[in-house]
Amino acid sequence: MQGMSRRAALAALAALSACAPTAEQQAAALTPSAAATAVRARESRRFDTGDRTLLLQSVIGVLQDLGYSIEESQAQQGVVVASRIAGGRVRAQVVLRPAADRGATIVRATFQRVVPRPGAMLAYGETLDDPAIYQGFFEKLAQSLFLTAHEI
């Protein structure tokens with residue numbers, strides 16, 4: 001009986017080692033696809049300021065100007081969550097993180113249409129991929145930062 005379990009363990013080990021990914025497969029799994037890189041580029045902008053308070057205030061102001069109600073703001077984590085109902089419920093999530101070079105900040109915004117599921121208690125978010133939404137948000141944010149920086 002003991003020999004049988006040892007053979008089964010060796011067979012299982014051999015089967016697992018045959019499934020082990022190669023170094024190339026591991027590198028490919030960790031490398032973002034061209035589509036993922038394009039999405040990240042659309043959703044992110046670099047701003048030449050390290051003033052997170054100013055950025056958070058500007059993000060909140062821009063979202064409110066666009067008709068969003070702020071649901072959550074966590075200054076320490078650099079996160080703002082907002083939503084609006086016009087034309088269906090849309091949820092915006094904005095995250096700030098320091099850029100690799102000091103004195104700059106990366107702002108990433110995600111806009112999702114909230115889609116209710118019939119019979120389910122929870123809805124799901126369908127990410128909006130219209131570049132005009134992101135471009136409009138970032139243009140207004142850049143304008144707000146410019147006006148604030150020049151005290152206009």
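Coordinate-derived values only; no laboratory data. What you see is a predicted model; the values in this text were computed from it and never measured. Note that we place each Cβ from the backbone using ideal geometry, even for glycine, and neighbour counts take in every protein chain shown.
Please give the peptides 114-120, 60-66 ranked by average Cβ packing (other Cβ atoms within 10 Å per residue), highest first, as a rough proxy for protection. It would help to have the intermediate numbers written out before the result.
Values: 114-120: 9.0, 60-66: 17.1.
So the peptides 114-120, 60-66, ranked by packing, come out 60-66, 114-120.
Whole-Hz ³J(HN,Hα) for each residue in region 98-113, computed from phi via Karplus 6.51 cos²θ - 1.76 cosθ + 1.60 with θ = phi - 60°, x for glycine and proline: what do you get?
x, 6, 4, 8, 4, x, 10, 9, 9, 10, 10, 10, 10, 10, 10, 7
Contact order normalised by length for region 43-149, with contacts defined as Cα pairs under 8 Å and 6 or more residues apart; what percent is it?
On the way: 170 pairs, mean separation 27.5, N = 107.
The value is 26 percent.
Run the helix sum for the chain: -39,500 (n - 2.57) per DSSP H stretch of 4+ residues, divided by residue count, reported at 222 nm to the nearest 500 deg cm²/dmol. Please list the in-between numbers first.
Working: 5 runs with 69 residues, N = 152.
Taken over the chain, the calculation gives -14500 deg cm²/dmol.
Rounded, prolate or oblate: pick one for the chain, where a ≥ b ≥ c are the square roots of the eigenvalues of its C-alpha gyration tensor, a/c under 1.5 means rounded, and failing that, prolate if a/b is larger than b/c, else oblate.
Values: a/c = 3.03, a/b = 1.97, b/c = 1.54.
Prolate.
If I fit a long axis through the Cα atoms of helix 52-65 and take the longest principal axis of the Cα atoms of the chain, what angle between them do I get, 0 to 90°, rounded to 10?
The answer is roughly 70 degrees.
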